[in-house]
Amino acid sequence: MKIVTINQMRQIEKEGFEAGITYEEMIQTVGLKIADILERDYCQPGNAVLGLIGKGNNGNDCLAALTELSKRGQRTMAFLFANRSADDSYLTQYLAQGGTVESLVQDSAAQTLDKVLDDCAAVLDGVYGIGFHLPLDPAIKTIFGMINQRSRSVPLIALDCPSGMDCDSGKADGNCLKADLTIYIEAIKIGQVKLPAYLNCGTLTGISLDLPKGLAVYSEIQRSILELKIMRETLPERSDTGHKGSFGAVTIIGGSENYIGAARMAGIAAFRSGCGFVNMIVPEIVRNLNAGGFSQAVWFPQDFSNPAGIEQCVADLQNCMERKGSFLIGPGLGQSWVLDNLLKQILQTHKSSIKPVIFDADALNYLSRFPEWLTSLPDNTILTPHSGEMARLCDVSIDEIEANRFKYAEEKAENWQVVVVLKGPLTIIAAPTGESAVMPYASSALAKAGSGDMLAGLIAGFAAQGASPFDAACLGVWVHANAARIAVERLGQTYSLMADDLIEAISDAIREIC
C-alpha cells in the first residue's frame, strides 16, 4: 500500500475527478465500504453506531456510512461537531433514513454524548480529516478526552485518520482520539507512520476509492508500507533440487570479548532465513564459547588485536568471496584502532565486490570516523543504523534524525547510493533509486540486546539467497517485526522477551510468507 503526503492525496482525488469519478461518487464509495466493515465486524442488535461528524469531507464520508447503515436497518446516531447548513444533502439524506442527530454546539450535548456512549456498538470518527492542523480547540480537547476514557468499552474506528493528528507531520494532540482501527482511504497518510500519531491509529486497514488505473500521480509516489502480499512476491524461490551452495553463504565478521553472542545471533538468524552456509570470522574466544551450540557454522577464529591476525582475516574473507553469498560486518565487533585498520583494509580490498555487504553496529561507527568512507563502499552496500549511528554518519544530533527520519533515510540512501535501514519504531528502508518502505510496527519487545544482530543476520541471509539489497532489507525487517509479534503473543507480554525468543519465532514468521 502506498504512503502519500496530503498534497499527493489531493492530487489523487483531483486526477480521479478529471478521469470521470465525481467527488460525490467518491464519498458514496467510502460510505458503502465503511458501512460494510461496520456491519460485518461491529454492529450489534439494539446497539447504535455513533458517528462523530465534522464540517468537512470526513464528516460527509461519515454521514454517508451512517446513511447506508440506516438503510440496512442498523441503529445509528450522529453527533455534529459543527453546524451544517439546512440544505446539506448528506445530512438531509441521513435524516430521510430515520437517522438521529445531536449537536455538540449545544450546552448539554457533551453530557448527552457521555450517556449515548453507554449504548454504542462502535464510534465512527469523522470529525477531522487530512486538512486538520494543530492546535486542537480546548473545548474539543475536553470532549475527545472524555471519549478516550470510554474507549476501553466502546471500539473507536477512525475514518481515514484519528481526529487530532496532523497527517503530514505525524504530530498529535495529547487528546487526539485513540482509534482501535483506522480505515485509511486509498493510501496511508505519511503522518500515520510517524510518531506519535501512529500510536493513536490502532490497526491500519484500507479501502479503495475505485479510481481508474494508471493515474499519473501514482508514478511519483515511491513510499509504501511492507505488506504480506509484497513479501510473498519478494521471497527468494527455493528449489527442492538445490544444494547448500545454491542458497548462498553469509560471511560474518564480528564478535569480541565484551560481546560474545552478537555474531552468533546474527549467524543463526541468517541460517533461519534460508541460506546454505554461515562463515564466522571471529576472535578465538567467541568461537570457543559459541561453536558447541552453533556447530552448523564454519568457524575462522582470528586474533583481531595484531596486524598478522588482520591480514589473515582479510585472506579468509577473500576465500569466502569465491562463493555466492553476502557479507555482514560489525555485530559485536567492538571499537579500537586495530579494528579501524581491519575495516579500512576490508574496504580497500573489496571496493569492487558485487556481493551485498551489510555494515552494522560498530562497523557503522567506524565509517563515521573514516573520512573517505563514502567513496570506499562496495557496490550493493546495506547500512543498518539506529538513530544514534545515523546521527554520527550524518554529523547531526539524534534529535535531528528522530524529527526527520524519512528525510535522512531517503536523502542519504540516494546521496550515498546505498540501501539505508533506519532502525527503530516504524523502521524505514530506503533505496538509492528513491524508493522507500516502512514497517508499520512499534514494540518495546525489540528493545533488547541481540535484536539488531538478529535483524542484520536476516538481511544478510536473504541477500545471500539472491534477493536484491532493497528486497533483502525489506524481507529482513518484515520477518524481524513479525517474529517479535509472534513471540509477544506466545509470552503474553513484552517484558520477558529476549533475542532467543525472536530467533525461535523466525520460522513461524517466514511460514506466513510461504
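The values are calculated or read from the model by the stated rules, or taken from the named source; none is laboratory data. Fair warning: this is a prediction, and the values are worked out from it, not measured in the lab. Glycine also receives a Cβ, built like all others from the backbone with ideal geometry; neighbour counts cover every protein chain displayed.
Among the residues that make up region 243-257, is at least one of them assigned to a helix (DSSP H, G or I), of a type in the set (D, E, K, R), closer than 21 Å to residue 499 by Cα and not assigned by TED's automatic domain parsing to the domain that holds residue 206?
no
Mind checking which residues of region 258-281 are among the β-branched types (Val, Ile, Thr) and either surrounded by fewer than 21 Cβ atoms within 10 Å (Cβ to Cβ) or assigned to a loop (DSSP other than H, G, I, E, B) (or both)?
Of everything in region 258-281, just one residue is among the β-branched types (Val, Ile, Thr) and either surrounded by fewer than 21 Cβ atoms within 10 Å (Cβ to Cβ) or assigned to a loop (DSSP other than H, G, I, E, B) (or both), namely 260.
Which residue, of 148, 83, 60, is in a loop (DSSP other than H, G, I, E, B) and either out of contact with any helix residue (DSSP H, G or I) (no Cβ under 9 Å at 6 or more places or on another chain) or not aromatic (Phe, Trp, Tyr) (or both)?
83
So which of 98, 46, 20, 73 ends up being assigned by TED's automatic domain parsing to the domain that holds residue 156, surrounded by fewer than 19 Cβ atoms within 10 Å (Cβ to Cβ), touching a helix residue (DSSP H, G or I) at 6+ places or on another chain (Cβ under 8 Å) and at positive phi?
Being assigned by TED's automatic domain parsing to the domain that holds residue 156, surrounded by fewer than 19 Cβ atoms within 10 Å (Cβ to Cβ), touching a helix residue (DSSP H, G or I) at 6+ places or on another chain (Cβ under 8 Å) and at positive phi holds for just one of 98, 46, 20, 73, which is 98.
Where residues in region 487-502 are crowded, with 20+ Cβ neighbours inside 10 Å and closer than 13 Å to residue 272 by Cβ, which of them is nearest to the chain's Cα centre (by Cα)?
Taking the candidates together, the pick is 502.
Could you please find all residues in region 286-303 being in contact with a helix residue (DSSP H, G or I) (Cβ under 9 Å, 6 or more places away or on another chain), assigned to a loop (DSSP other than H, G, I, E, B) and within 25 Å of residue 248 (Cβ to Cβ)?
Once the filter is applied, which keeps residues that are in contact with a helix residue (DSSP H, G or I) (Cβ under 9 Å, 6 or more places away or on another chain), assigned to a loop (DSSP other than H, G, I, E, B) and within 25 Å of residue 248 (Cβ to Cβ), region 286-303 yields 294, 296, 297.
Quick one: what pairs do we get from region 480-500, first residue of a type outside the set (A, V, I, L, M, F, W, C), second crowded, with 20+ Cβ neighbours inside 10 Å and at pLDDT below 95, C-beta under 7 Å, 6+ apart or different chains?
That search, which allows pairs on different chains as well, returns 494/445.
I need the full set of residues from region 314-368 which are small (Gly, Ala, Ser) and closer than 20 Å to residue 420 by Cβ, in order please.
326, 330, 353, 361, 363, 368
Please work out which one of (1) among the hydrophobic types (A, V, I, L, M, F, W, C); (2) modelled with pLDDT under 95; (3) more than 24 Å from residue 180 (Cα to Cα) is the condition residue 121 fails and give its number.
(3) is the only condition that residue 121 fails.
Sort through 153, 89, 85, 169 and tell me the only one that's within 23 Å of residue 189 (Cβ to Cβ), polar (S, T, N, Q) and surrounded by fewer than 16 Cβ atoms within 10 Å (Cβ to Cβ).
Among 153, 89, 85, 169, only 169 is within 23 Å of residue 189 (Cβ to Cβ), polar (S, T, N, Q) and surrounded by fewer than 16 Cβ atoms within 10 Å (Cβ to Cβ).
Limited to region 179-208, what total is found for residues that are among the acidic types (Asp, Glu) and either within 15 Å of the chain's Cα centre (by Cα) or closer than 19 Å to residue 443 by Cα (or both)?
Qualifying residue count for the region: 1.
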